[in-house]
Every structure is written in structure tokens, then in C-alpha cells.
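Peer 1: This is the structure, below, for whatever I ask next.
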Amino acid sequence: MLIGGNVKILIKAAALLAVVVALGACATEQAATRSPAADYRYIYKDFDLRYAWRLAPAAEGLKVEGLIKNVRAQRLENMEVRVALLDKNRKVLGEAVAFPLPQPIDSDDYRSFEVLIKGVQQEPGSLLRFVVNYAASSSQGSYTWTSNFTVDAATGQRLGVQKSKDLDW
């Protein structure tokens, strides 16, 4: 009986070890697939693109740092990201432009951008307007497109649109 009991204990120990190793592998895979947008406060989903950004006051003005992801076209080229700070009446207080590099941007790939809107600071009621121009190509051909949206600068919420619960970038 003693030998059979030891075999049962060894089988249970081996099974427990296998479970622990499997759980460790799951945790490692999860850490490896962390979203690149996880460190950004705001996320917006558009048809062709995903946006993630954060604001940082700077001595010279307002800095907008972000990511932009191609979720539809085979390739995006000649991308220009223009960000403007607007007052609550939608008057442009300042504007800056970035050209995310390197380009082109293939499908499911992303690039970072950074703009400094000089001489302005975010105030209550401020808005951010994003205008993104690009050339897209796919197996059906190519086209140029302009994507734009305006959000509350403090909340990142698009004006007139209910906040989406799906924040996957």
C-alpha cells in the first residue's frame, strides 16, 4: 500500500506542477500582448483609424502626445495629423501639425505623434479638434481621405456622442 500511495502523491504533485506552469505561461502571454495605448488617457475609434492620446501642459503651450493605428486599409501614406485647441465657442486658439514617422503605416500597425500647440493652455470648456489627412491603398485601389472629430479636452468625449464602453484599441 505504501508504494501505491507514493505513486498517487507523485501524480497529484505532477498535475499541480503542470497547472502552475500553465498559469505562468498565460500570465506571460497576457503581459506580452499589453495594448500600446494602455498608457494614454483618451481613446477614440473611427472607421479607418484608432486614436489614443494624452495632454500635458508645457511652458510653451499644450502638448498632445498620441498614437494612431491603421485598422482598415492595407497601407496608409502621407499622413498628416492636425490638432487644434478651441474655446467653448469653437474659436481656434491654436493649432499644430505632426507627420507620424515612419510612413507608410501598414494594416494593424500604429505610429506615434506629438504636437505642441504654442501659447495656449487648456481651460474649462476647451475642445480639441483632430483632422487627419492620408492616402490609403488596398487591393481595390487607392483613395485620399480626411478624418476629423472634436472632443471635450478635459474628458476626451466626442461631442454629441455617447461614450462607448468598448475601449479596446
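The values are calculated or read from the model by the stated rules, or taken from the named source; none is laboratory data. Every value quoted in this text rests on a predicted model; they were computed, and no experiment measured them. Ideal geometry is used to build each Cβ from the backbone, glycine not excepted, and the neighbour counts take in all protein chains shown. Only protein heavy atoms, including side chains, enter the accessible area calculation; ligands, DNA and RNA are left aside. Shrake-Rupley method; radii C 1.70, N 1.55, O 1.52, S 1.80 Å.
Peer 1: Can you pull the accessible area of V97 for me, 1.4 Å probe, Å² to the nearest 10?
Peer 2: 60 Å²
Peer 1: Once ligands and nucleic acids are excluded and a 1.4 Å probe is used, how much of E95 is accessible, expressed in Å² to the nearest 10?
Peer 2: Approximately 90 Å² of E95 is accessible to the 1.4 Å probe.
Peer 1: Continuing with the same structure: Just order 43-49, 127-133 by mean Cβ neighbour count inside 10 Å, highest at the front, would you?
Peer 2: Ranking, from highest mean packing down: 127-133, 43-49.
Peer 1: Quick one: accessible area per residue over segment 42-152, 1.4 Å probe, rounded to a whole number of Å²?
Peer 2: Per-residue value: 51 Å².
Peer 1: Find the eigenvalues of the gyration tensor of the Cα atoms of segment 42-152, then list the square roots of 5 times those eigenvalues as equivalent ellipsoid semi-axes, largest first, in whole angstrom.
Peer 2: For segment 42-152, the semi-axes come out at 27, 13, 11 Å.
Peer 1: Suppose accessible area is computed on protein heavy atoms with a 1.4 Å probe; arrange T144, T150, T155 from highest to lowest.
Peer 2: Largest to smallest exposure gives the sequence T144, T155, T150.
Peer 1: Here's another thing I want to ask about it. With charges only on Cβ, +1 for K and R and -1 for D and E, what is the dipole size of segment 42-152 about its Cα centre, in debye, rounded to 20?
Peer 2: For segment 42-152, the charge dipole is close to 220 debye.
Peer 1: Specify which residue in the list L93, F130, L116 is farthest towards the positive end of the charge dipole of segment 87-150, using unit charges on the beta carbon of Lys, Arg (+1) and Asp, Glu (-1), about the Cα centre.
Peer 2: So the residue we want is L93.
Peer 1: With a 1.4 Å probe and every protein chain kept in, tell me what percent of the accessible surface of segment 42-152 is carbon plus sulfur.
Peer 2: Roughly 46 percent, rounded to a whole number.
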